[in-house]
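Structure record follows, encoded as structure tokens.
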Amino acid sequence: MELLNLHRIVDVTAAEGPGLRCAVWTQGCSVRCPGCFNPQTWTTRGGTSMAWPDLVSRVLAIEGIEGVTLLGGEPFDQAAPLGEFAAAVRAEGLSVMTFTGFRREELPPSKLLESTDLLVDGPFLVDQPEPSRPWVGSANQRFHFLTDRYDESIFTTPNRLELRIAPDGAIELNGFATTEVLEALLEGERR
């Protein structure tokens, strides 16, 4: 069984796709977009190895989520085991949203693509900021509604930034915020 190489898992988030979701970041990225939000996920070294059935069990034990979001790194660099994972959670009624730096036309057929409800494709382009659609960083990135689970009504969802402080004091951020939101947060800290 091929193991997944994972960077991070957030069990419940409202900032990484429609509704409450489990977000799974992969470790390793062959695309490596300049200006990437997660360059620490590029290398295949590091991360946590996990068998895809173990990830299925973990996700299915989470109450109140409507789906899973796969981010990177680059999920399609691990298409075979993530395809098994995605098919298993969809069979249990959860949705799957997958982000990729590749364009859909570049992706070979895979179980991961077949098991994705909502695909966001395209490399991050730092010189093309996205001012209005949620969850994407640049205007070239496209949403593909591969099933009827979601439609363009999701575009009314606001971007969110989530902050978690662990018991040991470690701080984790996820989500997306515009420069204006970040500046407002920093201004609030200065007061």
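The values are calculated or read from the model by the stated rules, or taken from the named source; none is laboratory data. All figures in this text were calculated on a predicted structure; none of them were measured in a lab. Every residue, glycine among them, receives a Cβ derived from its backbone with ideal geometry; neighbour counts consider all protein chains shown. Each accessible area value is taken on the protein alone, full model and side chains, heavy atoms only, with ligands, DNA and RNA left out. Shrake-Rupley method; radii C 1.70, N 1.55, O 1.52, S 1.80 Å.
Observations on the structure shown:
- Qualifying residues in segment 24-40 (those that are assigned to a loop (DSSP other than H, G, I, E, B) and closer than 15 Å to I9 by Cβ) - the one most open to solvent (accessible area, probe 1.4 Å): N38
- Single match in G28, G73, G67, G35 (criterion: under 17 Å from A87 (Cα atoms) and of a type in the set (G, A, S)): G67
Residues are listed down the side, and each one gets a yes or a no for (1) modelled with pLDDT of 95 or more; (2) open to solvent by less than 50 Å² (accessible area, probe 1.4 Å); (3) more than 18 Å from L20 (Cα to Cα); (4) of a type in the set (G, A, S):
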position	(1), (2), (3), (4)
G72	no, yes, yes, yes
V126	no, no, yes, no
P134	no, yes, no, no
Y150	yes, yes, no, no
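- S57, sole failed condition from (1) out of contact with any helix residue (DSSP H, G or I) (no Cβ under 9 Å at 6 or more places or on another chain); (2) modelled with pLDDT under 95; (3) open to solvent by 40 Å² or more (accessible area, probe 1.4 Å): (2)
- In segment 110-166, the residues that are among the acidic types (D, E), part of a loop (DSSP other than H, G, I, E, B) and more than 17 Å from G67 (Cα to Cα): D127, E130
- Residues located in segment 22-65, provided they are charged (D, E, K, R) and within 26 Å of V136 (Cβ to Cβ): R32
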